[in-house]
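Chemist: One structure coming up, written as C-alpha cells, with questions to follow.
The values are calculated or read from the model by the stated rules, or taken from the named source; none is laboratory data. Small disclaimer: the values here were computed from a predicted structure and weren't measured. Virtual Cβ from ideal backbone geometry, glycine too; neighbours counted across all protein chains shown. Just so you know, the surface numbers come from the protein's heavy atoms only, side chains and all, with ligands and any DNA or RNA stripped out. Shrake-Rupley method; radii C 1.70, N 1.55, O 1.52, S 1.80 Å.
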Amino acid sequence: MTSATLSTPVRTPPSAPDGRSAGTRSRTNQRGYVRTLVVLDTAVLSLAVLAGYATRFGDAVPRGSEIPYVVVAPALVLVWLVSLKALRCYDDRVLGYGADEYRRVSGASLRLAGGVAIAGYIFDVGVSRGFLGISFAVGTVGLVATRFAARKALHRARCRGDGWSRRVLVVGDTAHVLELVHTLRREPYAGYHVVGACIPDALLAPVPQRLSDVPVVGSLRGIPEAAGAIGADTVAVTASGELTATRLRRLGWQLEGTGIDLVVAPALTDVAGPRIHTRPVAGLPLIHVEAPEFRGARKLVKELVDRSAAAVALLLLLPLVALIALAVKLDSRGPVLFRQTRVGQGGQEFGVLKFRTMVVNADALLAELVARNETNGLMFKMRDDPRVTRIGRLLRKWSLDELPQLVNVLFGQMSLVGPRPPLPSEVARYDGDVARRLLVKPGMTGLWQVSGRSDLSWEDGIRLDLYYVENWSLAADLTILWKTFGAVLRGRGAY
C-alpha cells in the first residue's frame, strides 16, 4: 500500500456515490419496521384486553357496574401503547438485537400494571381485577412473543442482505478496522452493515483505497463529512493513536444534531455484558471487567439443575430410548451403545455414551478417509462419511444419538450446556488458550450446537467454546437449551 500524508479526506471511491440514497433507504426501512411493531403491538394489546373481558365476563355485559368497559378497554390499549413509547420500547438502538428490547417491553407492561393497581386503590375505581390481571398477563406475553417473531423475520432479511440495518462507518487504524469489520460481519443478523472506513492520514494513498472490500472514504480529520457522503447512520470508532480523548470528545460534538450515532468499540472482545461495569472516574468511563466464575454457589446450582433435569429427561424419554436402541440393533451388527474416551473438566478422561451410528470397524477405516477431512482443525468431519449406518444418518440428523449422554450428565461427568467434549488426541495438541475449554464441564449442547455445529470452522468453534467458558450463566444456559430445539429441527450442520 502506497502511503501519503493528506490533511483532507480522499474523494469518495466509485463504489459509494449512492451513499445518500442508500442511507435514505435504510432510514425508510427502519421507520417501516417501527411502524410494523406499532401495528403488531396494537393488535396484541387489543386481543389481550378482549381476552381479559371475555374471560372475566363472557358475552354478558357486567351488571351492577358503573364502569363503562366499552371506554375502559380502548383507553387501556391506548395508555399501554403510550407507556411503551415513553419507556423507549421503539428506540432503534435496542430493536433487533440483544435482550434489552424484551426487558423494556416487559418492564413497561409491569410498571403500567402496578400504576393502574395503585391508582385503582387510591381513587377506589371498581374496575375488575380479574379483567386487568388477565389483560396484562396475556398482553405482556403476547408483546414479547410478537417482538421475538418480528426479530426473527428481521434477522432472516438481514442475512439475505435485505431489511433494516445500520450503515456503519468504521474509524481507526487499518488493523483494528479490519478486525472490527470481520467481527461485525460474523453476525450479519445483528444489523451492522459496514459501508466505509476512515483511517489515519499517514496511511491514505493518492488513489482510492479499499480495506478488504470496504472503501476508504476519508481520513480521521473529516469523519462527519465522510459519514454524510456515504449515508452512514453510525460511526464506530476503534483503536487509533490519532484519536485521543480530546479528539473523540470533539467528534461527539460534531455529530450532535446530525442523526448519526457514535459507537466506541473497545479492544476488549468476547466478554458478556454482565461481566462489564462502567464507572466514571475523574471524567473517564473506566470499564471494569469481572473475572470468570468457575466455582461457588452459582456453579453448585448449575450442577443441581443439570443432574435433576437429566434424571427427569431420562424418565420421560425412556420409551424413545428403548425404540432407538431396538432400531440400532436391527439395522447393523454391533453394540447398541458406543463408548468413546473424551476429556472433561480439569483434563479428566471419561467415557462419553452415544447410540452407535457407525459400523463396528469405523476407527480402522478412518486412516483411509483422513485425506477427505472437511474441517480445517483437529477434528475429522465428512458430510458423506461411508462409515455411518442407515439408522445412524437419521439419528445424527436429529441429534438423537446423543441422548445417552444424559447418563453422563447424571453422573456429573458432563453438563447439559458447555463446550464440545474433545478427544484426548485433540487435547494433546491444544495450546494455552484452547486449553481453557477444560475449565468447565463439557456439554451435551452449547454455542457450537446452536451456531452451525459441523458447518463451523475450527476457529469459530473454539471461539464460541471459549466465550461460553468465560461468560456462562444459568440464563444463558436456558437460552442455549431453547435454541438447541430450533437447531435440531433445522438439522443444520448435522452429519
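Chemist: Within the chain, which whole H helices from DSSP have a Cα span along their axis of at least 15 Å and a mean Kyte-Doolittle hydropathy of 1.0 or more, if any?
Modeler: Working: long enough: 19-57 (57 Å, 0.11); 69-86 (25 Å, 2.07); 100-122 (32 Å, 0.26); 129-159 (45 Å, 0.54); 174-186 (18 Å, 0.10); 245-255 (16 Å, -0.53); 297-316 (28 Å, 0.80); 318-331 (20 Å, 2.02); 458-471 (20 Å, -0.69); 474-490 (24 Å, 1.03).
Answer set is 69-86, 318-331, 474-490.
Chemist: For Thr36 paired with Lys397, estimate the spin-label separation in nm (one decimal), with each label point 7 Å from Cα along the Cα-to-Cβ line.
Modeler: For Thr36 paired with Lys397, the spin-label model returns 3.1 nm.
Chemist: Apply the Karplus parameterisation 6.51 cos²θ - 1.76 cosθ + 1.60, with θ equal to phi minus 60°, to every residue of the range 286-294 and state each ³J(HN,Hα) to the nearest whole Hz, in sequence, with x for glycine and proline.
Modeler: Taking θ as phi minus 60°, the curve returns 6, 9, 9, 10, 6, 5, x, 9, 10 Hz for the range 286-294.
Chemist: For every other residue with a beta carbon closer than 14 angstrom to the beta carbon of Ala239, add +1 if it is Lys or Arg and -1 if Asp or Glu, then tell me the sum. Don't skip to the end; give the middle numbers.
Modeler: Details: positive: Arg247; negative: Asp173, Glu179, Glu242.
So the environment of Ala239 carries a net charge of -2.
Chemist: When the Karplus curve 6.51 cos²θ - 1.76 cosθ + 1.60 is applied with θ = phi - 60°, which whole-Hz ³J(HN,Hα) does each residue of the range 351-357 get, with x for Gly and Pro?
Modeler: Per residue, the Karplus-derived 3J(HN,Hα) values read x, 7, 9, 9, 5, 5, 10 Hz.
Chemist: At a probe radius of 1.4 Å, what is the per-residue accessible area of His176, in Å² to the nearest 10?
Modeler: Roughly 70 Å² of His176 is accessible to a 1.4 Å probe.
Chemist: Can you give me the distance in nm between label points at Leu337 and Ala175, each placed 7 Å from the Cα along the Cα-to-Cβ direction?
Modeler: Placing both labels 7 Å beyond Cα along the Cβ direction yields 5.1 nm.
Chemist: At a 1.4 Å probe radius, carbon and sulfur cover how many percent of the accessible area of the chain? Write out the running numbers ahead of the final one.
Modeler: Values: 16300 of 26460 Å².
Carbon-and-sulfur percentage of accessible area, whole number: 62.
Chemist: Can you show me the helix-derived [θ] at 222 nm for the chain, built from DSSP H runs with n ≥ 4 at -39,500 (n - 2.57) apiece and divided by the number of residues, rounded to the nearest 500. The partial results should precede the final answer.
Modeler: Numbers: 16 runs with 237 residues, N = 495.
Rounded to the nearest 500, it is -15500 deg cm²/dmol.
Chemist: Working with all protein chains in place, sort Asp465, Asp124, Asp162 by solvent-accessible area computed with a 1.4 Å probe, largest first.
Modeler: Details: Asp465 10, Asp124 130, Asp162 80 Å².
Of Asp465, Asp124, Asp162, the descending order of accessible area is Asp124, Asp162, Asp465.
Chemist: Suppose all protein chains stay in the model; what accessible area per residue would a 1.4 Å probe give for the chain, in Å²? Don't skip to the end; give the middle numbers.
Modeler: Numbers: 26460 Å² over 495 residues.
In whole numbers, the chain has 53 Å² accessible per residue.
Chemist: How big is the range 68-127 along each principal axis, measuring the range of its Cα positions in Å and listing the largest first?
Modeler: Cα spread of the range 68-127 along its principal axes, largest to smallest: 41, 21, 13 Å.
Chemist: Probe radius 1.4 Å, ligands and nucleic acids left out: which of Met414, Met444 has the largest accessible area, and how do the rest follow?
Modeler: Working: Met414 5, Met444 30 Å².
Ranking Met414, Met444 by accessible area, largest first, yields Met444, Met414.
Chemist: Could you list the chymotrypsin sites (Phe, Trp or Tyr not before Pro) in the range 279-367 that lie in coil according to DSSP, counting only those with at most 14 other Cβ atoms within 10 Å of their Cβ?
Modeler: Numbers: sites: Phe294, Phe338, Phe350, Phe355; in loops: Phe294.
Taking the range 279-367 and a limit of 14 other Cβ atoms within 10 Å, the loop chymotrypsin sites (Phe, Trp or Tyr not before Pro) found are Phe294.
Chemist: If you place +1 on the Cβ of every Lys and Arg and -1 on the Cβ of every Asp and Glu, how big does the dipole about the Cα centre of the range 411-470 come out, in debye to the nearest 20?
Modeler: Computed charge dipole of the range 411-470: roughly 220 debye.
Chemist: I've got another one for you. Report the longest stretch of the chain that contains none of the GluC sites (Glu not before Pro) sitting in a DSSP loop with at most 11 other Cβ atoms within 10 Å.
Modeler: Numbers: sites that count: Glu66, Glu256, Glu290.
By the stated rule (loop sites, at most 11 other Cβ atoms within 10 Å), 291-495.
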